[in-house]
Amino acid sequence: MDWTLRELRYFVAAAEAGSFTDAAAQLYISQAAVSRTIAGLEKVVGDTLLRRVPRGCELTATGAQILPRARRVLSEADNFTEFLTSRHGVLRLGYAWAAVGRHTARLQRDWAQRHGQVELQLVKQNSPTAGLAEGVCDAAIVRRPIDEKRFASVVVGLERRLVAFASDDAQWSRRRQLSMAEIADRTVIIVPRVGTTTGELWHGSQHQPNFIESSDIDTWLDAIAAGRGVGTTAEATAYHHSRPGVTYRPIKDGPRVPVRLAWWHDHRPHGLDDLIDAITRLYATR
């Protein structure tokens with residue numbers, strides 16, 4: 001099938017106006033052009049979409065089926081056009097689990113004041129590259145290894161590693177900090193797709209914890225609050241995902257979590273250098 005956005009636009013205009021004449025006036029073209037274009041769409045569809053009535057036109061059964069789908073296609077086309085025209089004026093920053101923790105609000109406020117010509121948009125995407133590979137962001141905050149053949153990255157900060165456990169935990173509820181060895185004695189809940197916790201954290205230890213997997217941050221927190229296990233995470237999680245029933249405490253010997261800003265090797269987005277500087281400064285001021 002070979003249809004065009006123009007055909008869909010003319011069809012939707014006529015269907016909504018209830019008149020070929022009124023649609024032509026809205027589109028600033030002739031009525032003949034509207035009729036001819038819609039006739040071309042009907043030929044592609046193989047059925048009549050609009051029937052003429054004394055006061056204009058009305059949808060046929062086929063037209064009523066196609067109209068909502070045509071609207072969705074046109075909406076997506078408009079979004080695509082907006083993206084193309086505004087892409088240099090917007091810097092989309094993706095993150096999978098947490099943005100930049102306690103620095104997130106300050107980053108947004110400072111950026112708006114200093115870089116008014118480029119809007120900073122935060123985009124949450126539950127993927128290993130925080131939306132970078134999927135094309136939903138221009139740069140991404142990542143806290144796990146990234147494919148260096150596809151993406152460039154720079155460390156913009158380091159975060160403490162925390163342990164998350166049920167607030168009513170009989171052994172840990174009064175503890176101010178814990179150790180990796182103590183955590184190894186527990187069941188540890190991990191999110192393999194985007195999390196930062198793997199068995200490598202206990203490499204060289206006498207034993208490793210028992211791991212169970214979760215799919216995302218919400219199910220991870222729910223399982224911890226229910227006492228099914230504990231979790232380890234970067235400190236940013238405590239700022240972005242405080243949860244009744246879940247307590248966060250520092251791990252005294254836990255390795256720091258490097259926070260990286262990543263982007264495509266073949267595309268250095270506009271405003272990236274300023275973003276690197278801004279985030280690095282925030283992490284440097286503790």
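Quick note: the coordinates plus some simple rules give every number you see, no bench work behind them. Computed from a predicted model, the values in this text were never measured in an experiment. Quick reminder, even Gly has a Cβ in these numbers, built from the backbone with ideal geometry, and neighbours come from all protein chains shown.
In region 161-255, the DSSP beta bridges split such that about 60 percent are antiparallel, to the nearest 5.
Dipole size of region 161-255 about its Cα centre, with +1 on Lys/Arg Cβ and -1 on Asp/Glu Cβ: approximately 280 debye, rounded to the nearest 20. Among 66, 146, 189, the residue with the largest mean-square fluctuation in a Gaussian network model of the chain, with springs joining Cα atoms closer than 10 Å, is 66. Ordering 84, 178, 132 by the number of other Cβ atoms within 10 Å of each residue's own Cβ, fewest first, gives 84, 178, 132. Fully extending the segment from residue 177 to residue 266, taken as 0.36 nm per residue of separation minus the present Cα-Cα distance, adds 27.7 nm.
Does region 161-255 classify as rounded, prolate or oblate by the C-alpha gyration tensor (a ≥ b ≥ c root eigenvalues; a/c under 1.5 gives rounded; else a/b over b/c gives prolate, otherwise oblate)? In terms of gyration-tensor shape, rounded.
Place a point 7 Å from the Cα of residue 71 along the Cα-to-Cβ direction; which residues of region 1-17 have their backbone N under 16 Å from it? Residues passing the 16 Å test: 8-17. Between the entries [x] 1.43; [y] 2.28; [z] 0.96, the label attached to Cα Rg over 2.2 N^0.38 Å calculated for this structure is [x]. Beta-bridge orientation, the chain: approximately 60 percent antiparallel, per DSSP, counting only bridges with both partners inside. A straight Cα-to-Cα reach below 15 Å connects residue 149 with the aspartates and glutamates 266, residues fewer than 8 places away in its own chain not being considered.
Shape verdict for region 31-111, please, from the Cα gyration tensor: rounded (a/c under 1.5), prolate (a/b greater than b/c) or oblate. It is prolate, given that a/c is not under 1.5 and a/b is the larger ratio. Can you tell me the FRET efficiency between residue 119 and residue 206 if r is taken as the Cβ-Cβ distance and R0 is 45 Å, rounded to the nearest 0.05? For R0 = 45 Å, the calculated efficiency reads 0.30.
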